[in-house]
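The values are calculated or read from the model by the stated rules, or taken from the named source; none is laboratory data. Everything quoted here is computed from the prediction, not taken from an experiment. Cβ placement follows ideal geometry from the backbone for every residue including glycine, while neighbour counts extend to all protein chains displayed. Accessible surface areas use protein heavy atoms only, side chains included; no ligands, DNA or RNA. Shrake-Rupley method; radii C 1.70, N 1.55, O 1.52, S 1.80 Å.
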Amino acid sequence: MTANPATGPAPLAGVKVLDLSKILAGPYATMSFADLGADVTKVEHPDGGDPTRVWGPPFVGDDATYYLAVNRGKKSVTIDLKSEEGQRIVHRMLADADVVVENFKPGSGLQKIFDYRALSEQYPHLIVLHISAFGDEGPLADQPGYDMVAQAAGGLMSLTGEPNGAPMKAGYAMGDLGAALFGVIGVLAALVERARTGRGQYVTTSLFECQLAMHVNWATNYFATRERPHALGSAHPNLAPYQAYPASDGHFVVAVGNDGLWEKLCAALERPELATDVRFLRNRDRIEHRSELDEVLTAAFATGRVQHWCRVLEDHGVPVSPIRHLDEIYSDPHTAAIGMVGTVDHASGPLEQIAFPVNFGGARPPLRSAPPLHGEHTDEILAGYQKVSVPS
């Protein structure tokens, strides 16, 4: 693995990525490649660039913080992909690239212009990651989609929220982010394969199929019973107690993952009789009698404050946590100790960013550079391709 003491781990050093994507899924994937040391060039339309640049407030300088969250470590070049000159320039870049990431709308002019089958004939080494809403096949293949559409179509909203309440989307953009992460996995696997064969690969994923991949136990529960699952609030479909409970001054979560932890919880509550109650003896019993269990625990936890119960349960070895807000998390000593918040030098001043969440040899990849201004590197990038010919 390439590493420089001044810059930190860079396992993808030397890999060139051309980012033709926009919004969230594609840019998050390419930012991940940049964090891992790849050379990432972001191509944006001359008129405004990535739409997320105006997805605010809040803004820092001219750009919305949404854009700033997923574009660090890249260089920005403005090119009109629909123009003949723009296409000639991009082809010069493709000849030199290892990976291209795009999320062109299915059936769009750009998808036809940069069709992988044609590209693979010209650039057999190239790895193309195509991210769509619903995949390349099937009745929904031509449908566009945003994250919330994927959460609705893919089932997440039916499983999120309080029982009998209105459907809710997840607080994070799990449709886009899931596709980004599976896309990264696909590209890394294709790079390994190319090292063996010398040939590139067409890698595709979609927000919809990644939602299904993350159903995990919800899926196998359904396959086993054929019963339609519903939202359980913070509760778990296969474990109990494993959810949030109200204390006298707020909420906290308890995660009892086995019967031994249940016994420890009963000891912490000074209610040893609960550990031998036949309704609650085993996890399967507690699932069957979930409503009775919740009634007992809700009454018990209402007698103390969140801080009290977290301390008592921790002392007894029961997994527990207060439900914290972001300001509390970012100021927490543990967050500082693991180095998950860093700063890059932006044109508007120091810009805080969340770091890449994987360490290599005990070191975290650094925050290499700020999200680029619109077209910031156009002259620099295009100067390097002025005399490069396009394969015929």
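Please state which one of ALA189, ALA180 is open to solvent by 20 Å² or more (accessible area, probe 1.4 Å) and either at pLDDT 95 or above or out of contact with any strand residue (DSSP E or B) (no Cβ under 7 Å at 6 or more places or on another chain) (or both).
ALA189
The conditions are (1) out of contact with any helix residue (DSSP H, G or I) (no Cβ under 8 Å at 6 or more places or on another chain); (2) in a loop (DSSP other than H, G, I, E, B), and ASN221 fails exactly one of them. Which is it?
Answer for ASN221: the failing condition is (2).
List the residue pairs whose Cβ atoms are under 9 Å apart, where the first residue sits in segment 281-307 and is more than 19 Å from GLY233 (Cα to Cα), the second is modelled with pLDDT of 95 or more and of a type in the set (Lys, Arg), and the two are 6 or more positions apart or on different chains.
Hits for this filter: ASP285/ARG279; ALA300/ARG271.
Please identify the pairs in which a residue from segment 5-25 that is over 12 Å from ALA363 (Cα atoms) and open to solvent by 20 Å² or more (accessible area, probe 1.4 Å) has its Cβ atom under 7 Å from the Cβ atom of a residue that is of a type in the set (Asp, Glu) and assigned to a loop (DSSP other than H, G, I, E, B), counting only partners at least 6 apart or on another chain.
Partner pairs satisfying both residue conditions: VAL15/ASP98; LYS16/ASP98; LYS22/ASP50.
Checking TYR242 against (1) over 24 Å from THR52 (Cα atoms); (2) touching a residue at least 40 places away in the same chain (Cβ under 8 Å); (3) buried (at least 16 other Cβ atoms within 10 Å of the Cβ), which single condition isn't satisfied?
(2)
So ASP259 ticks every box in (1) farther than 30 Å from ASP136 by Cα; (2) in contact with a strand residue (DSSP E or B) (Cβ under 8 Å, 6 or more places away or on another chain) but one. Which box is left unticked?
It fails just one condition, (2).
When the residues of segment 223-238 are narrowed to those that are surrounded by 12 or more Cβ atoms within 10 Å (Cβ to Cβ) and of a type in the set (A, V, I, L, M, F, W, C), which ends up farthest from GLU292 (Cα to Cα)?
It comes out as ALA231.
So that you can scan it fast, the table gives a plain yes or no per residue for (1) of a type in the set (Gly, Ala, Ser); (2) farther than 23 Å from ILE323 by Cα; (3) in contact with a helix residue (DSSP H, G or I) (Cβ under 8 Å, 6 or more places away or on another chain); (4) modelled with pLDDT of 95 or more:
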residue: ALA231; (1), (2), (3), (4): yes, no, yes, yes
residue: TYR242; (1), (2), (3), (4): no, no, no, yes
residue: GLY257; (1), (2), (3), (4): yes, no, no, yes
residue: ASP277; (1), (2), (3), (4): no, yes, no, yes
